[in-house]
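No lab work stands behind these numbers, since they all come straight from the coordinates. As the structure is a prediction and not an experimental result, all values here were calculated from the model. Ideal geometry is used to build each Cβ from the backbone, glycine not excepted, and the neighbour counts take in all protein chains shown.
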Amino acid sequence: MTTDLLFAIRGVRVNNILNVDHLDIRKEKVTCITGESGAGKSTLMKLLNKMISPDSGEIFYEGAPLKDIDSVQHRRKAVMLSQVPLIFPGTIKDNLMMGYMLNGSKPDGDEVLKQALHNMQMTKELDEDAGTLSGGEKQRLALARILLLAADVYLLDEPTAALDEDTEMMVLGHFIAEIKKKHASLIMITHSRKVNEQYADERIDLSQLPFREEMEKNI
């Protein structure tokens with residue numbers, strides 16, 4: 001396997017949801033995952049995060065079998081954000097600090113936290129109750145939280161689905177700029193053609209790949 005490979009998927013099958021013969025995802029790229037409903041997009045993300053295991057086949061992470069890597073350690077390197085993010089009881093600051101608690105570090109003061117909110121187009125104060133936020137604000141708070149993590153890979157499942165198009169483009173633009181500074185990788189499910197066209201370095205349409213057609217014949 002070449003040294004620029006982040007994930008290599010070989011002969012992976014999950015029930016009748018996903019069947020991937022050969023798929024490579026490269027390092028330090030923005031990879032957008034698209035496909036019709038039921039194509040296995042969220043299943044693929046869960047596989048890459050070690051939330052589930054394939055029924056057959058193998059996934060490699062940076063050349064090593066993913067099954068042999070400690071799940072907790074892997075999820076610190078490859079962080080995942082679902083479409084409906086988990087918001088913890090407490091203030092906005094409490095929620096941002098949860099990211100630091102997970103990786104055992106501390107921020108260099110509140111200005112770092114405020115800047116993370118600003119990057120995600122949020123004008124809220126750190127001491128405001130996170131439970132009062134709208135759906136779109138909760139998505140942006142969750143993006144700000146994981147952006148504070150020293151992750152190598154960001155796995156995002158429709159992270160801006162609750163935002164209008166203009167806000168979505170601005171938020172993702174800032175997010176991508178920040179992770180590129182860190183030389184991190186982004187794998188993102190999106191239904192937005194504009195996001196796909198403007199930000200994707202590489203594109204994977206699960207519903208268009210040959211393995212999908214073969215699987216449907218076998219159902």
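Springs between Cα atoms under 10 Å define the GNM used for the chain, and in it the highest mean-square fluctuation of 110, 201, 94 occurs at 110. Phi angles of segment 105-116 translate, via the Karplus equation with coefficients 6.51, -1.76, 1.60 and θ = phi - 60°, into HN-Hα couplings of 10, 9, x, 8, x, 5, 4, 5, 5, 5, 5, 4 Hz per residue; Gly and Pro are given as x. Relative to the longest principal axis of the Cα atoms of the chain, helix 92-103 runs at roughly 50 degrees. Sorting 88, 7, 175, 60 from the fewest to the most surrounding beta carbons within 10 angstrom yields 88, 60, 7, 175. Over the chain, all Cα pairs binned in 5 Å intervals from 0 give whole-percent P(r) values of 1, 7, 15, 19, 19, 15, 12, 7, 4, 1, 0, 0, listed from short to long. For the chain, modelled as a GNM whose springs connect Cα atoms under 10 angstrom apart, the maximal fluctuation among 101, 188, 80 occurs at 101. Shown for 134, 82: other C-beta atoms within 10 Å of each C-beta, ranked fewest to most, produce the order 134, 82. Divide the volume of the convex hull around the Cα atoms of segment 64-106 by the residue count and you get 91 Å³ per residue. Normalised by the number of residues in segment 69-190, the mean separation of alpha-carbon contacts (under 8 Å, six or more apart) gives a relative contact order of 34 percent. What FRET efficiency do you get for residue 123 and residue 71 if R0 is 45 Å and r is their Cβ-Cβ distance, rounded to the nearest 0.05? It comes to 0.75. The alpha-carbon of residue 46 sits under 24 angstrom from the alpha-carbons of these lysines, leaving out residues fewer than 8 places away in its chain: 27, 29, 67, 77, 138, 180, 182. Stretching residue 180 away from residue 198 to a fully extended chain increases their span by 5.0 nm, per 0.36 nm per residue minus the current alpha-carbon distance. Within a straight-line Cα-Cα reach of under 14 Å, residue 114 can be paired with the following aspartates and glutamates, leaving aside sequence neighbours fewer than 8 residues apart in one chain: 94, 125, 127, 128. Pick from 123, 31, 43 the residue whose mean-square fluctuation is largest in a GNM of the chain, springs joining Cα atoms under 10 Å. Comparing 123, 31, 43 in the GNM, the peak value goes to 123. With one equal scatterer per alpha carbon and no solvent term, the Debye-computed log10 I(q)/I(0) for segment 56-144 at 0.10, 0.12, 0.15, 0.26 1/Å reads -0.33, -0.46, -0.65, -1.36. For segment 1-80, the alpha carbon convex hull comes to 92 Å³ per residue, rounded to a whole number.
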